[in-house]
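Asker: There's a structure below that I have some questions on.
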Amino acid sequence: MSTRYTGLINKYRDHLPVNDDTRLISLGEGNTPLIRLNNVPRAIGKDVDIYVKYEGLNPTGSFKDRGMTMAVTKAVEEGSKAIICASTGNTSAAAAAYAARAGITAFVLIPEGKIAMGKLAQAMMYGAVIMQIRGNFDEGMNLVKEVAEHAPVTIVNSINPYRLQGQKTAAFEIVEELGTAPDYHCLPVGNAGNITAHWMGYTESHKHGFANNLPKMVGYQAAGAAPFMRGQMVHNPETVATAIRIGVPQSWDKAWNVQKESEGWFDELTDEEILATQKMLAQTEGVFCEPASAASLGGAIRDVKAGKIPEGSKIVCTLTGNGLKDPDTAIAQCQNAEMVTIDATLSDVKDAILKNMEG
Ligand code: AN7
């Protein structure tokens, strides 16, 4: 029997809404590494197990692939010839790729000038029809909902219930690897679809007896785009973490239920904290995530230090997207990087080495 990994729908088909005749639209998504951090717990001097689920290693570089394989598989099964989404970048990249794979059209609405360069390159390269709107994600989302009533397109934002079905499989993978659910699961929150999907995954794992515990779910937002902290929608969201520059979360009620049921909480981080965490993770563990993703780890570290997450805890932080998606923000943060320009001579190279070995 072949053991070739062919994507998360095939692996978890007994727990997903497909049957034997369904044509699966897959790029081998899922099965991402759960990396145990070594240097971070040591640096903060706390006895905690912190794992990062590196979703940036999905085919288009973010967790969106988990939901998109499912949403596009069902759209094709139902006869749809086109999909549409509003996006801060990653959903558009995933929609474009899976539409290409399926041989259908992807329409994507993105906020002009506010998506990371790698994500724009992806949407262009995969051949989506791109509509840059003079407006933000929330305005784009409203337009998508409206136009879907007038045009033959399937919405593949996370209001499409198949998206969350696909995304719940990240929790299945974590339970399989740890043999249990973690004590705390921390995620960045924008539309709050992913935190909702993970809770679905954990509760299903629990119901089927794969895990005998449930995690507390903790959601971290960027301070300039933190409706869950304000207790109301935010009308002009702003943050360097453009992926989560969202003021009107589409899974608002669902995420509040997750918080209550799991006995978790929401919190917020400043842009400075987000960027500092992104850089620290790259430089101390060799893991490069995008800014939004770093909110999960930055928040977890702060809550561990404060004792809100007690010592002895097992913590999983989802790193939702790959750092390569946003090279501009990365380079802008590293202006003091150890980079020198020298002549192409042995002596200059040797001098540079010796100078940088000092101390
Ligand atoms: C890297 O692509 O909403 O709370 O349009 O790209 O489930 O919305 C992206 C969201 C976290 C937030 N991290 O997840 C989009 C979009 C990254 C993201 C989130 C997003 P949700």
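Asker: Has the stretch 132-148 got any residue that is over 17 Å from the mean Cα position of the chain (by Cα), within 23 Å of ASP328 (Cβ to Cβ), open to solvent by 10 Å² or more (accessible area, probe 1.4 Å) and among the small types (Gly, Ala, Ser)?
Answerer: Checking the stretch 132-148: at least one residue is over 17 Å from the mean Cα position of the chain (by Cα), within 23 Å of ASP328 (Cβ to Cβ), open to solvent by 10 Å² or more (accessible area, probe 1.4 Å) and among the small types (Gly, Ala, Ser).
Asker: Let me ask you something else. Return a yes/no flag: does the stretch 169-188 have any residue that is away from the ligand (no atom under 14 Å from the Cβ), open to solvent by less than 10 Å² (accessible area, probe 1.4 Å) and under 18 Å from GLY298 (Cα atoms).
Answerer: So far as the stretch 169-188 goes, yes, one or more of its residues are away from the ligand (no atom under 14 Å from the Cβ), open to solvent by less than 10 Å² (accessible area, probe 1.4 Å) and under 18 Å from GLY298 (Cα atoms).
Asker: Take VAL153 and tell me if it is more than 20 Å from SER293 (Cβ to Cβ), more than 17 Å from the chain's Cα centre (by Cα), exposed (fewer than 15 other Cβ atoms within 10 Å of the Cβ) and hydrophobic (A, V, I, L, M, F, W, C).
Answerer: The answer is no for VAL153.
Asker: Criterion first (over 27 Å from ILE246 (Cβ atoms) and outside any loop (DSSP other than H, G, I, E, B)) does VAL72 satisfy it? I'd like the intermediate steps shown before the answer.
Answerer: On the way: over 27 Å from ILE246 (Cβ atoms): no; outside any loop (DSSP other than H, G, I, E, B): yes.
It is false that VAL72 is over 27 Å from ILE246 (Cβ atoms) and outside any loop (DSSP other than H, G, I, E, B).
Asker: Out of the residues in the stretch 239-259 that are among the polar types (S, T, N, Q) and within 14 Å of the ligand (Cβ to nearest atom), state the one that is surrounded by the most Cβ atoms within 10 Å (Cβ to Cβ).
Answerer: THR242
Asker: Take the stretch 267-287 and flag every residue that is in a helix (DSSP H, G or I) and polar (S, T, N, Q).
Answerer: Across the stretch 267-287, the qualifying residues are THR277, GLN278, GLN283, THR284.
Asker: Out of the residues in the stretch 310-355 meeting the condition of being acidic (Asp, Glu), touching a residue at least 24 places away in the same chain (Cβ under 8 Å) and open to solvent by 60 Å² or more (accessible area, probe 1.4 Å), tell me which one is nearest to PHE288 (Cα to Cα).
Answerer: Residue satisfying both the conditions and the ranking: ASP328.
Asker: Could I ask something else about it? Pick out the one residue from ASN236, ASN212, ASN191 that is near the ligand (Cβ under 10 Å from one of its atoms), at pLDDT 95 or above and open to solvent by 10 Å² or more (accessible area, probe 1.4 Å).
Answerer: Exactly one of ASN236, ASN212, ASN191 is near the ligand (Cβ under 10 Å from one of its atoms), at pLDDT 95 or above and open to solvent by 10 Å² or more (accessible area, probe 1.4 Å), namely ASN191.
Asker: Residues in the stretch 28-38: is at least one farther than 28 Å from ILE246 by Cβ, surrounded by 16 or more Cβ atoms within 10 Å (Cβ to Cβ) and hydrophobic (A, V, I, L, M, F, W, C)?
Answerer: No, there is no match, as no residue in the stretch 28-38 is farther than 28 Å from ILE246 by Cβ, surrounded by 16 or more Cβ atoms within 10 Å (Cβ to Cβ) and hydrophobic (A, V, I, L, M, F, W, C).
Asker: Right, another one. Just to be sure, is ASP49 away from the ligand (no atom under 12 Å from the Cβ), modelled with pLDDT of 95 or more, within 19 Å of ALA170 (Cβ to Cβ) and over 15 Å from the mean Cα position of the chain (by Cα)?
Answerer: It is true that ASP49 is away from the ligand (no atom under 12 Å from the Cβ), modelled with pLDDT of 95 or more, within 19 Å of ALA170 (Cβ to Cβ) and over 15 Å from the mean Cα position of the chain (by Cα).
Asker: For the stretch 122-134, does any single residue satisfy the condition of being touching an Asp or Glu at 6+ places or on another chain (Cβ under 9 Å), more than 10 Å from the ligand (Cβ to nearest atom) and closer than 27 Å to ARG23 by Cβ?
Answerer: If we filter the stretch 122-134 for residues that are touching an Asp or Glu at 6+ places or on another chain (Cβ under 9 Å), which is where we start, we get 132-134.
Filter once more, so that each one left must be more than 10 Å from the ligand (Cβ to nearest atom): 132-134.
Narrowing the set further to residues that are closer than 27 Å to ARG23 by Cβ leaves none.
No, there is no match, as no residue in the stretch 122-134 is touching an Asp or Glu at 6+ places or on another chain (Cβ under 9 Å), more than 10 Å from the ligand (Cβ to nearest atom) and closer than 27 Å to ARG23 by Cβ.
Asker: Looking only at the stretch 260-287, which residues are open to solvent by 40 Å² or more (accessible area, probe 1.4 Å) and within 13 Å of the ligand (Cβ to nearest atom)?
Answerer: Result: no residue meets the conditions.
Asker: Same structure, new question: Quickly run through the stretch 288-312 and pick out the residues that are outside any helix (DSSP H, G or I), more than 13 Å from the ligand (Cβ to nearest atom) and in contact with a strand residue (DSSP E or B) (Cβ under 6 Å, 6 or more places away or on another chain).
Answerer: If the condition is that a residue be outside any helix (DSSP H, G or I), more than 13 Å from the ligand (Cβ to nearest atom) and in contact with a strand residue (DSSP E or B) (Cβ under 6 Å, 6 or more places away or on another chain), then ILE309 is the only one that fits.
Asker: Given the conditions (1) touching a Gly at 6+ places or on another chain (Cβ under 8 Å); (2) more than 18 Å from LYS314 (Cβ to Cβ); (3) aromatic (Phe, Trp, Tyr), and given that PHE107 satisfies all but one, which numbered condition is not satisfied?
Answerer: (1)
Asker: Name, by its number, the condition in (1) assigned to a helix (DSSP H, G or I); (2) of a type outside the set (Phe, Trp, Tyr); (3) touching a Leu at 6+ places or on another chain (Cβ under 9 Å) that does not hold for ARG42.
Answerer: So ARG42 meets the others, but not (3).
Asker: So which helices (runs of 4 or more DSSP H) stay within the stretch 86-155 end to end and still have 2 or more residues that are in contact with a Cys (Cβ under 9 Å, 6 or more places away or on another chain)?
Answerer: Where helices (runs of 4 or more DSSP H) fall fully within the stretch 86-155 and carry at least 2 residues being in contact with a Cys (Cβ under 9 Å, 6 or more places away or on another chain), they are 90-102, 137-147.
Each row is one residue, and each column tells you yes or no for (1) within 13 Å of the ligand (Cβ to nearest atom); (2) modelled with pLDDT under 95; (3) open to solvent by 10 Å² or more (accessible area, probe 1.4 Å).
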{"position": "ASP65", "(1), (2), (3)": "yes, no, no"}
{"position": "THR69", "(1), (2), (3)": "no, no, no"}
{"position": "VAL72", "(1), (2), (3)": "no, no, no"}
{"position": "VAL76", "(1), (2), (3)": "no, no, yes"}
{"position": "SER87", "(1), (2), (3)": "yes, no, no"}
{"position": "ALA94", "(1), (2), (3)": "yes, no, no"}
{"position": "TYR98", "(1), (2), (3)": "no, no, no"}
{"position": "ARG101", "(1), (2), (3)": "no, no, yes"}
{"position": "ILE104", "(1), (2), (3)": "no, no, yes"}
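The values are calculated or read from the model by the stated rules, or taken from the named source; none is laboratory data. Every value quoted in this text rests on a predicted model; they were computed, and no experiment measured them. Here the Cβ is made from the backbone with ideal geometry for all residues, glycine too, and neighbour counts use every protein chain on show. Quick note on the areas: whole protein, heavy atoms, side chains included, nothing else; ligands and nucleic acids left out. Shrake-Rupley method; radii C 1.70, N 1.55, O 1.52, S 1.80 Å.
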